[in-house]
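Read the structure below first, then the notes.
Values quoted throughout were computed directly from the atomic coordinates according to the rules given, and no laboratory measurement underlies them. All values reported here derive from a predicted model rather than from experimental measurement. Cβ placement follows ideal geometry from the backbone for every residue including glycine, while neighbour counts extend to all protein chains displayed.
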2 protein chains.
Amino acid sequence: MKIGILGGGQLARMLALSGYSLGLEFIILDPSKEAGATGLGKHLQGQYDDPTLLAKLAEEADVITYEFENVSAEATRFLSQHTQVYPAPNALSIAQDRLQEKNFFHQLNIPTANFATIASLEDLQQAMTHIAYPAILKSRRMGYDGKGQVVLKSSDQLAEAWDAMQGVASIVESFVPFQREISIIAAKRASGEIVFYPVSENIHSQGILRVSECCKNDGLQRQAEDYVVRILTALDYVGIIALELFDVNGKLFANEFAPRVHNSGHWTIEGAETSQFENHLRAITDLPLGSTEAREHTAMVNFIGGLPLTERILGIPHTHIHLYDKAPRKGRKLAHATIRTGDFAQYSQSLQRLKILAESTDDS
Amino acid sequence: MKIGILGGGQLARMLALSGYSLGLEFIILDPSKEAGATGLGKHLQGQYDDPTLLAKLAEEADVITYEFENVSAEATRFLSQHTQVYPAPNALSIAQDRLQEKNFFHQLNIPTANFATIASLEDLQQAMTHIAYPAILKSRRMGYDGKGQVVLKSSDQLAEAWDAMQGVASIVESFVPFQREISIIAAKRASGEIVFYPVSENIHSQGILRVSECCKNDGLQRQAEDYVVRILTALDYVGIIALELFDVNGKLFANEFAPRVHNSGHWTIEGAETSQFENHLRAITDLPLGSTEAREHTAMVNFIGGLPLTERILGIPHTHIHLYDKAPRKGRKLAHATIRTGDFAQYSQSLQRLKILAESTDDS
């Protein structure tokens, strides 16, 4: 069976690496000759909306998936007229637009921050009369890793903030005074089976994920599962989904969802019985899903912009590295490492060392 | 860093799959266009003793390893004049010759079955006056999966048995009345560090491995480690080694060693903190070795000659599949599956189901 992937970065790379053992082949559309996944399958080099390449992908692939949200929903709709596309284009188009996404959460009675849609400075000034400071102005579309976002602390910043958005359709959200940022990753198979991973606690800095720690037996696991099931059901979803949530005194507020494998689930490669990558492939090929149980104490640390020597990373006990074969560039995710061990003291110590090592080469 | 591999079958495939995350690239010499690993790196298609291809491999690869013993030791000696070859050619040439191998075990005071070297029917008749029946006549070279072996039950079989060997240099060994066949897998890094996996108990049938069960805290672990360290030290070895042993009332007898990743270690992909494949690559690139701790209850089952539907295999709880992308052929290893779970009752039940499923399509 041949899996088409839109995007050939690290997520496609880890999907392909986990798919070989399932007997799957890959065909990858990506504009870059050097994309890290392209050695793992047939590479169609070109733009994501190139009609000739999309037609070729649709013809050759039995199932198509994507590794990031910023591929055009129209392209996936075109593909879905010719072959299976999972997750379905409607999930993608909601996730691509922060306004649609927030409205969707509300329809499902999933709490979110207060928000308003913004198309002008007047909209923003009006909205901020009933939304509390601090707040965040975000472009509705094409945002990731904190890009296209401005923090608003007081009303005298509004004009400058709106200026910075360069007129793009936006939303403003009040800042959620969270104790923790967590995410839940779930998978739904075409024939209906759903599995949930334990939630992870995520540490961001400058909008970029730095550390995810798996939280076994977390008190909010059930609440998170309840919310993600509503989304999976409403969208008739197939594949892995990641739902990012804020924990405010034990009550969860949805931030956003990603219709794909997710950075906060990279710990599952070593830390769970079945990785998110394998379960995504099992889900979209309608195979029985694998157990999502977490193994021992496990966490993931991202390497941003720069990389320590591999031997320094692997010199930290119980550490595994995943290099993405990407050239260093400021603020770019180049690799991650995971820790997994049954010894909590060793876990804490290794995690601390790994964080310090990652910070030493982090240029963001 | 670029790793050259002689052989592009399932062992090379699993090596390459585990090496991408370490940032390694692969160049693979294999005569077959369809070899399962060739999609995972650059493929040099041709014979293992083709001087042009060997020169190309030596030029392009930073380190060279091999996935099976039947590659010519001369080829590896040629390669080692130009680049690093691990494990070193002397380990390979000993492992290729059952007589040298047995003599080597004796030099290291590692017990074996009684044996004698056989070059004629007279040698065989003479040997069987002091070696007990049942015994096994084996070709000295090129044997695997039980090929080139004849069981001797009485003296009236000797002429026919020797006839079947077609005159090739052989040895005869008395049959070891073992309670268990076990193996130990160890890794040694160029700079000296050694790690051991827990021994596994192996079930063979018709000379082909069927099932390996990881034996955590086995009473013979220390004895097995002691023997394998003698080999690693004597050979100044680098990489993964597998030592097959017979357990006779708690005393171990060496059967053979393999200077490579080994079928009885496939459970380590899911069942150990670091797989044998990753540790082989860490060892030959002189990176810190990963923890070899076994996770929970874990076992591996081979699929020989035929394959059940993937969904039937994955429908057994806690099961992972590894397909080798090989065309079915009588007696050929096509895939393996592993089980890993902390629940012993579930483990036993899943293993039983998996064995029955594997037998249902086994044509050997």
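Sorted ascending by nearby beta carbons within 10 Å, beginning with the fewest, A:240, B:231 become B:231, A:240.
Between residue A:68 and residue A:168, the FRET efficiency from the beta-carbon distance, with R0 = 25 Å, is close to 0.85. Among A:248, A:261, A:150, sorting on how many other beta-carbon atoms sit within 10 Å of each Cβ, with the fewest leading, yields A:248, A:150, A:261. Residues considered: B:354, B:281, B:309. Largest GNM mean-square fluctuation over chain B, using C-alpha springs under 10 Å, is found at B:309. Evaluated with a Cβ-only charge set (Lys, Arg +1; Asp, Glu -1), the protein assembly as shown carries a dipole of roughly 60 debye about its Cα centre, given to the nearest 20.
This ranking places A:275, A:348, B:21 by how few other beta-carbon atoms lie within 10 Å of each, fewest first, which gives A:348, B:21, A:275. Spin-label model, residue A:205 to residue B:100: label points 7 Å out along the Cα-to-beta-carbon direction sit 5.5 nm apart. Among rounded, prolate and oblate, which fits chain B when a ≥ b ≥ c are the square roots of the eigenvalues of its C-alpha gyration tensor, a/c under 1.5 means rounded, and a/b larger than b/c means prolate? Rounded shape, in that the Cα axes give a/c under 1.5.
Placing unit charges on the Cβ atoms only, positive for Lys and Arg and negative for Asp and Glu, gives segment A:180-361 a dipole magnitude near 580 debye about its Cα centre. Counting only residues at least eight positions apart within a chain, or on another chain, the lysines with an alpha carbon under 24 Å from that of residue A:56 are A:2, A:33, A:42. For residue A:102, the lysines whose Cα comes closer than 18 Å to its Cα, not counting residues fewer than 8 places off in the same chain, are A:138, A:251.
Considering the options A:345, A:281, A:262, tell which one lies farthest towards the positive end of the dipole of segment A:180-361, charges being +1 on Lys and Arg and -1 on Asp and Glu at the Cβ, about the Cα centre. Checking the options against the dipole of segment A:180-361, the answer is A:262. Between the alpha-carbon centres of segment A:164-234 and segment B:235-297 there is a gap of 39 Å.
Is the C-alpha gyration tensor of segment B:124-184 telling us rounded, prolate or oblate? Criteria: a/c under 1.5 is rounded; beyond that, a/b larger than b/c is prolate, otherwise oblate. Oblate, since a/c reaches 1.5 and b/c is not below a/b.
The trypsin sites (Lys or Arg not before Pro) of segment A:285-362 that DSSP puts in a loop, and whose beta carbon has at most 16 other beta carbons within 10 Å, are A:329, A:330. With loop membership from DSSP and a limit of 16 other Cβ atoms within 10 Å, the longest segment of chain A without GluC sites (Glu not before Pro) is A:194-364. Along segment B:61-66 the Karplus relation, 6.51 cos²θ - 1.76 cosθ + 1.60 evaluated at θ = phi - 60°, assigns HN-Hα couplings of 8, 7, 9, 10, 9, 9 Hz to successive residues, with x for each Gly and Pro.
For residue A:205, nonlocal amide neighbours, meaning residues 5 or more places apart or on other chains whose placed amide H falls under 5 Å from its own, are A:210. Overall, the anisotropy analysis places segment A:166-214 in the oblate class: the square-rooted eigenvalues a ≥ b ≥ c of its C-alpha gyration tensor yield a/c not less than 1.5, with a/b not exceeding b/c. When the trypsin sites (Lys or Arg not before Pro) in segment A:1-58 are filtered for DSSP coil states and for at most 13 other beta-carbon atoms within 10 Å of their beta-carbon, the remaining sites are A:33.
Assuming 0.36 nm per residue, please report the length gained on full extension of the stretch residue A:80 to residue A:141 beyond their Cα-Cα distance.
Separation in residues times 0.36 nm, less the Cα-Cα distance, equals 19.8 nm.
Among the chymotrypsin sites (Phe, Trp or Tyr not before Pro) in segment B:90-148, those placed in a DSSP loop whose Cβ has at most 15 other Cβ atoms within 10 Å are B:144. Distances, shortest first, from the label point of residue A:163 to those at the same position in the other copies read 10.0 nm; the point lies 7 Å along Cα to C-beta.
Using 1/(1 + (r/R0)^6) with R0 = 60 angstrom and r between the beta carbons of residue A:34 and residue A:126, what's the FRET efficiency to the nearest 0.05?
0.80
Ignoring everything except DSSP H segments at least 4 long, calculate the 222 nm mean residue ellipticity for chain A; use -39,500 (n - 2.57) per segment, divide by total residues, nearest 500.
Taking each H run of at least 4 residues, the total per residue is -8500 deg cm²/dmol.
Pull out the extension gain between residue B:107 and residue B:153, defined as 0.36 nm times the separation in residues minus the alpha carbon to alpha carbon distance; nm, one decimal.
On the way: separation 46, 0.36 × 46 = 16.56 nm, distance 2.93 nm.
Result: 13.6 nm gained on full extension.
Mean separation of Cα pairs under 8 Å and 6 or more residues apart, divided by the residue count, gives chain B a relative contact order of 13 percent. Of all the options A:130, A:322, A:43, the one that moves most in a Gaussian network model of chain A with Cα springs shorter than 10 angstrom is A:130.
Inter-copy label distances for residue A:250: 5.6 nm (label point placed 7 Å from Cα along Cα→Cβ; shortest first). Computed about its Cα centre, the charge dipole of chain A is approximately 320 debye, with only Lys, Arg, Asp and Glu carrying charge at their Cβ.
Centre-to-centre, using Cα atoms only, segment B:114-138 and segment A:106-128 are separated by 88 Å.
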